[in-house]
Amino acid sequence: MTLDSSPSSDFADPALHASGLFIGGNWLAGTGIPVVNPSTADVLAEVADATVEDAICAVDAAEAAAADWRATPARTRAEILRRWFELMTEHADELSRLISLENGKALPDARGEVAYAAEFFRWYAEEAVRIPGEFRHAPSGANHILVDHDPIGISVLITPWNFPAAMATRKIGPALAAGCTVILKPASETPLTAYAMARLGTEAGVPPGVVNVLTTTRPGPVVNAMLADPRVRKLSFTGSTAVGRTLLAEAAKTVVSCSMELGGNAPFIVFDDADLNAALDGAMIAKMRNAGEACTAANRFYVQAGIHDAFVAGLTERMAALTVGAGIDPTTQVGPMITTKAVSNLDRLVSQAVDSGAKVTTGGKPLPGNGYFYPPTVLESVPFDAALAHEEIFGPVAPVYRFETEEQVIALANDTEYGLAAYIYSGDLARALRVSKRIESGMIAINRGLMSDPAAPFGGAKQSGLGREGGVTGILEFMEPKYVAVNY
Ligand code: NAD
């Protein structure tokens with residue numbers, strides 16, 4: 001199938017991307033996975049459901065393309081990625097609508113995602129030509145030490161539904177820049193964006209087999225079969241900590257290199273000396289980007305006693321003023337949750353908190369209708385041991401906890417198995433830096449509600465993950481250092 005670029009073709013039309021698996025540059029017909037619009041519960045399109053045999057065909061295709069891609073000059077690889085960035089930017093409106101339709105997120109969030117996602121291709125187009133090496137003298141004086149970086153090999157990339165474009169480009173960009181061929185398995189809730197991006201990749205000049213995309217309702221057996229194949233050398237996974245643990249165990253059998261971007265439980269700490277309005281602005285971004293369905297979403301608002309009541313009042317007012325609606329509706333600020341199960345989970349967490357003494361200041365109950373809607377919700381007087389202090393909320397619910405001292409809040413912030421992101425608001429930069437040094441987290445934002453940046457190393461400590469994506473280190477996740485001891 002060739003990319004239909006006729007003026008009548010609407011790139012945002014789900015039907016256009018409803019074809020099948022993308023393997024070896026070919027579109028293989030198939031059905032079996034309905035894609036549902038969470039704003040209406042209507043089926044948008046159907047995509048193919050890959051079998052284990054299909055997955056091995058994808059590994060065959062990635063293997064067939066590997067030698068040529070690895071030998072392709074870095075400048076050429078860079079120019080293809082750069083062209084892919086440009087095509088995503090040209091098609092930003094249509095991609096945003098597609099993301100909004102299948103994921104439900106409000107259009108401004110979808111537009112933000114497309115810009116963020118495309119930037120990974122631009123950033124790694126620039127990094128492809130700067131792959132580092134090392135040259136040293138051995139301390140003994142006996143030889144020289146040369147360190148080269150080789151492409152690690154065929155990479156399996158697994159992505160979640162919450163950022164269907166950005167989680168894919170954050171992996172494909174560095175993998176292709178490093179010289180690896182890949183098999184992308186997007187979440188079956190949001191496959192249309194991945195297939196749309198594959199079409200743009202072909203137009204950008206990505207050779208057949210360098211990027212393969214498959215969707216499946218059997219992720220366990222399909223991914224396990226690829227990990228068991230000795231040709232596969234890398235697994236890059238973004239998703240829940242629970243699935244990450246299972247995959248690490250599976251990858252151990254063949255000692256496949258793993259990068260893991262897992263769940264989060266971000267504390268958002270507001271000290272008495274913070275600028276209240278700035279903290280509220282930041283809180284709205286950190287909580288409500290993507291309607292709270294983000295791994296970096298503020299999950300626990302710890303607010304010091306002196307500013308607590310003003311913060312709760314301000315947050316309640318801002319959250320209550322948001323417009324909830326279908327993602328694609330231009331007036332919507334908060335779209336639906338991804339599934340009805342996600343809504344039930346929010347309902348459970350909020351009900352449990354209320355039963356244990358929390359007070360709802362706005363929202364607090366699922367909204368009626370066909371779509372999967374939950375309103376922006378603020379809870380105060382939440383006990384420190386409530387379930388939502390320990391689980392990922394993944395929705396528009398903001399629990400606020402009152403704290404007294406710096407020592408207390410550091411202990412509370414670290415009281416979790418996660419360590420992905422944290423936010424600190426304080427007018428005293430020395431205090432903010434002192435506290436950030438003691439928070440067990442891979443990323444910290446000080447007086448900001450957003451830290452994601454393709455130029456920065458994204459990733460978590462503790463059970464939030466292994467390795468980093470983005471930045472100058474992201475490309476090294478897809479490379480194997482090779483040390484050569486040499487005399488000359
Ligand atoms: P999930 O773990 O359920 O699924 C993620 C992906 O793994 C999907 O493609 C899914 O089909 C696949 N999968 C599920 N079971 C599998 C198995 N047994 N073997 C192989 N693949 C399997 O997560 P989700 O619900 O799609 O996404 C939400 C989670 O992702 C949250 O925990 C969130 O914090 C996390 N997340 C993390 C980051 C990060 O960068 N750290 C970014 C976005 C999302």
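The values are calculated or read from the model by the stated rules, or taken from the named source; none is laboratory data. The shown structure was predicted, so the numbers you read here are calculated from the model rather than taken from an experiment. Cβ sites come from the backbone with ideal geometry, for glycine too, and all protein chains shown count toward neighbours. For the accessible areas, the whole protein counts, side chains as well, though only heavy atoms, and no ligand, DNA or RNA atoms are used. Shrake-Rupley method; radii C 1.70, N 1.55, O 1.52, S 1.80 Å.
Counting only protein chains, not ligands or nucleic acids, how are ASP309, ASP273 ordered by accessible area (probe 1.4 Å), most first?
Solvent-accessible surface, decreasing: ASP309, ASP273.
On a 1.4 Å probe surface of the protein chains, which of CYS180, CYS57 comes out largest in accessible area, and what is the full order?
CYS57, CYS180
Hey, can you find the accessible area per residue of the range 266-453 for me, probe 1.4 Å, expressed in square angstrom?
Per residue, the range 266-453 has 38 Å² of solvent-accessible surface.
Please give, to one decimal in nm, the separation of the simple spin-label points placed at ALA29 and ALA456, each 7 Å out from Cα toward the Cβ.
4.9
What is the magnitude of the charge dipole of the range 269-326 about its Cα centre, with +1 placed on the Cβ of each Lys and Arg, -1 on the Cβ of each Asp and Glu, and no other charges, expressed in debye to the nearest 20?
So the magnitude is around 280 debye.
When a/c is below 1.5 the answer is rounded, else prolate if a/b is larger than b/c, else oblate, so apply that to the chain with a ≥ b ≥ c taken from the square roots of the Cα gyration tensor eigenvalues.
Verdict is oblate for the chain.
Kindly identify the range 141-290 as rounded, prolate or oblate by the Cα gyration tensor criterion: order the square roots of the eigenvalues as a ≥ b ≥ c, call it rounded if a/c is under 1.5, otherwise compare a/b with b/c, prolate if a/b is larger, else oblate.
prolate
If you place +1 on the Cβ of every Lys and Arg, -1 on the Cβ of every Asp and Glu, and leave all else neutral, what size is the dipole of the range 363-488 about its Cα centre, to the nearest 20 Debye?
That gives a dipole near 300 debye.
Using the crude model of +1 on Lys and Arg Cβ and -1 on Asp and Glu Cβ, and no other charge, please compute the dipole size for the chain relative to its Cα centre, in debye to 20.
In total the dipole reaches around 800 debye.
Over the chain, what is the percentage of antiparallel beta bridges among all DSSP beta bridges, to the nearest 5?
In the chain, DSSP labels about 45 percent of beta bridges as antiparallel.
Find how much the distance from LEU146 to GLU407 grows on full extension, using 0.36 nm per residue of separation minus their present alpha carbon separation; answer in nm with one decimal.
89.3 nm
Using 20 Å as the Cα-Cα cut-off, could you pick out the over-long pairs in LYS253/LYS462; LYS185/LYS234; LYS234/LYS341; LYS171/LYS287; LYS253/LYS482; LYS171/LYS234?
LYS253/LYS462; LYS234/LYS341; LYS171/LYS287; LYS253/LYS482
Which log10 I(q)/I(0) values does the range 266-453 give at q = 0.19 Å⁻¹ under the Debye formula, counting every alpha carbon as one identical point scatterer?
Calculated log10 I(q)/I(0) at the listed q: -1.31.
Relative to 2.2 N^0.38 Å, what does the C-alpha radius of gyration of the range 409-488 come to as a ratio? Two decimals please.
Rg over 2.2 N^0.38 Å, computed on Cα atoms: 1.43.
What are the ³J(HN,Hα) couplings of the range 227-240, residue after residue, when phi is run through the Karplus curve with 6.51, -1.76, 1.60 and θ = phi - 60°? Round to Hz, x for glycine and proline.
5, 6, 7, x, 6, 7, 10, 9, 10, 10, 10, 10, x, 6
Taking square-rooted eigenvalues a ≥ b ≥ c of the alpha carbon gyration tensor, is the range 248-331 rounded, prolate or oblate, where a/c under 1.5 means rounded and, failing that, a/b exceeding b/c means prolate?
oblate
What fraction of the DSSP beta bridges in the range 266-453 is antiparallel, stated in percent and rounded to the nearest 5?
15
In nm², what is the average projected area of the convex hull enclosing the Cα atoms of the range 343-488?
Computed as one quarter of the Cα hull surface, the answer is 13.4 nm².
Compute the label zone of VAL255 within the range 141-181: residues whose backbone N is under 20 Å from the point 7 Å along Cα-to-Cβ.
Taking a point 7 Å out along Cα→Cβ of VAL255, the residues of the range 141-181 whose backbone N falls under 20 Å are 148-156.
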